[in-house]
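The values are calculated or read from the model by the stated rules, or taken from the named source; none is laboratory data. Here the structure is a predicted model, which is why all the values come from computation and not from measurement. FYI the Cβ positions are ideal-geometry reconstructions off the backbone, even for glycines, and counts take in every protein chain you see.
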Amino acid sequence: MRYTKEQRAQTIIDLLKKEYPGAGCTLDYNKAWKLLVSVRLAAQCTDARVNVVVEGLYEKFPTVEALANADVEEIEAIVKPCGLGHSKARDISACMKMLQEEYDGKVPDNFDALLKLPGVGRKSANLIMGDVFGKPAIVTDTHCIRLVNRMGLVDGIKEPKKVEMELWKIIPPEEGSDFCHRLVYHGRAVCTARTRPNCENCCLIEVCKKIGV
């Protein structure tokens with residue numbers, strides 16, 4: 001069967017739902033501002049390490065106000081294991097200050113407002129919109145970009161914003177956030193980056209363009 005991109009997308013969505021029914025964000029958080037912190041720390045770092053590091057960060061600075069008032073050097077000392085400690089600490093400090101000063105310590109539920117926060121790009125803003133506020137979102141992380149190219153949902157596009165724009169055309173808005181979480185699970189377990197994809201054991205083998213469907 002030859003698929004249109006819309007047909008391929010819907011089939012992939014349905015198959016991934018069956019394979020990973022409980023997939024969700026792998027960063028631990030119980031408040032919106034904590035997800036903002038974690039997603040900044042997750043750049044070039046594993047979610048598992050971030051989840052460990054933030055425990056110490058929140059033990060010392062348990063609120064937006066506390067983190068906003070902390071010395072950048074103190075934040076950096078704690079988050080250093082996540083890599084890029086200085087720039088991440090600086091962004092976290094500036095972001096918390098802006099939340100405190102302009103949003104009464106709350107995370108805004110507006111995409112454009114999120115993009116104005118220090119250290120927040122489209123990927124982070126989409127994650128917040130989808131996971132925290134339940135709004136349509138497409139998070140184009142490295143797993144998403146690699147997999148949608150292999151599957152044939154986009155054609156040789158690697159720039160995150162361009163991938164996001166292409167996916168908005170074919171992914172139903174209400175499916176985008178969960179779809180991207182499931183791509184992370186699938187990208188880690190099966191359609192890996194550093195080794196040969198485990199195509200013979202892939203739930204998408206009948207629809208993946210890499211296989212020639």
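Test GLU59 against the stated conditions and say whether it is more than 26 Å from PRO173 (Cβ to Cβ), more than 16 Å from the chain's Cα centre (by Cα) and acidic (Asp, Glu). For GLU59, the condition - more than 26 Å from PRO173 (Cβ to Cβ), more than 16 Å from the chain's Cα centre (by Cα) and acidic (Asp, Glu) - is met. The numbered conditions (1) in contact with a Cys (Cβ under 9 Å, 6 or more places away or on another chain); (2) in the same structural domain as LEU127 (by TED's automatic domain parsing) are all true for ASP71 except (1). Considering only region 6-28, I want to know if a residue exists there that is surrounded by 13 or more Cβ atoms within 10 Å (Cβ to Cβ), among the β-branched types (Val, Ile, Thr) and closer than 28 Å to GLU101 by Cα. Checked against the condition, which is being surrounded by 13 or more Cβ atoms within 10 Å (Cβ to Cβ), among the β-branched types (Val, Ile, Thr) and closer than 28 Å to GLU101 by Cα, region 6-28 yields no hits at all. When ALA48, ALA43 are checked against the criterion of being closer than 27 Å to GLY187 by Cβ and assigned to a helix (DSSP H, G or I), ALA48 stands alone in meeting it. Taking each residue of region 67-85 that is on the phi > 0 side of the Ramachandran plot and looking for partners that are surrounded by 14 or more Cβ atoms within 10 Å (Cβ to Cβ) with beta-carbon atoms closer than 6 Å, six or more apart or interchain, yields GLY83/CYS45. Looking only at residues in region 61-105 that are acidic (Asp, Glu) and closer than 22 Å to MET129 by Cα, the one that is surrounded by the most Cβ atoms within 10 Å (Cβ to Cβ) is ASP91.
Let's see how each residue does on (1) part of a helix (DSSP H, G or I); (2) at pLDDT below 95; (3) not hydrophobic (A, V, I, L, M, F, W, C):
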{"site": "SER87", "(1), (2), (3)": "yes, no, yes"}
{"site": "ARG90", "(1), (2), (3)": "yes, no, yes"}
{"site": "GLU101", "(1), (2), (3)": "yes, no, yes"}
{"site": "GLY119", "(1), (2), (3)": "no, no, yes"}
{"site": "MET129", "(1), (2), (3)": "yes, no, no"}
{"site": "CYS144", "(1), (2), (3)": "yes, no, no"}
{"site": "LEU147", "(1), (2), (3)": "yes, no, no"}
{"site": "LEU153", "(1), (2), (3)": "no, no, no"}
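None of PRO160, PRO108 is assigned by TED's automatic domain parsing to the domain that holds GLN10 and either touching a helix residue (DSSP H, G or I) at 6+ places or on another chain (Cβ under 6 Å) or surrounded by fewer than 21 Cβ atoms within 10 Å (Cβ to Cβ) (or both) except PRO160.
If you go through region 42-57 and pick out every residue that is within 13 Å of ILE78 (Cβ to Cβ), in contact with a helix residue (DSSP H, G or I) (Cβ under 7 Å, 6 or more places away or on another chain) and not aliphatic (A, V, I, L, M), you end up with 2.
Yes or no, residue by residue, for (1) within 13 Å of VAL37 (Cβ to Cβ); (2) of a type in the set (Val, Ile, Thr):
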residue	(1), (2)
PRO62	yes, no
ALA77	no, no
CYS82	yes, no
ILE92	yes, yes
CYS95	yes, no
PRO108	no, no
ASP112	no, no
GLY119	yes, no
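With respect to being among the aliphatic types (A, V, I, L, M), surrounded by 21 or more Cβ atoms within 10 Å (Cβ to Cβ) and part of a helix (DSSP H, G or I), MET165 falls outside the description. Of the residues in region 56-66, at least one is in a loop (DSSP other than H, G, I, E, B) and aromatic (Phe, Trp, Tyr).
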